[in-house]
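The values are calculated or read from the model by the stated rules, or taken from the named source; none is laboratory data. Bear in mind that the values here come from a model prediction, so they are computed numbers and not experimental data. When we count neighbours, we look across all protein chains shown, and the Cβ atoms used for this are built from the backbone with ideal geometry, even at glycine. All accessible areas refer to the heavy atoms of the entire protein, side chains included, with ligands and DNA or RNA removed. Shrake-Rupley method; radii C 1.70, N 1.55, O 1.52, S 1.80 Å.
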Amino acid sequence: MRNLVVLIALVFASCSSQKENKQEESLQSSAVAEQVNPVIKSIQEAHNLDAFMEERIISFDINLIFGGNERLDARIYSTTTSSKVLVENSENTRLLFDGNEIWIHPKDSLYDGARFDALTWSYFFMALLS
């Protein structure tokens, strides 16, 4: 019987110890969040994120060179939410991401990496701004 009482006491001590650890972790997480949020907020203010998000569409030119070869020379248009993206390359090929699919014009264009170009570069651009 005495062993049972000791076992029950150990179980309760363990449970309360785990609960205290979880509470400590929660407090530490919120302390970190409070430290990070002002940093994020100051970056958003410095880059005027509110004014940026009021715009419907942004555009930028991109000229990527990898290994000495031109990978992409284009103008990219994107909604500020990246829900729709248009890539017009220097060869007059257009890629359109409509939120679900990638469309290529002209249809007979041979375009390696169309999905990658339509989604990746606008994503990186947006990440730099926000």
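Can you tell me how many residues within the stretch 85-130 are part of a loop (DSSP other than H, G, I, E, B) and surrounded by 15 or more Cβ atoms within 10 Å (Cβ to Cβ)?
Here the count works out to 2.
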Phe66 passes all but one of (1) aromatic (Phe, Trp, Tyr); (2) without any contact (Cβ under 8 Å) to a residue 12 or more places away in the chain; (3) over 22 Å from Ile104 (Cβ atoms); which number fails?
(3)
Within the stretch 51-66, is even one residue open to solvent by 90 Å² or more (accessible area, probe 1.4 Å), among the aliphatic types (A, V, I, L, M) and part of a strand (DSSP E or B)?
yes
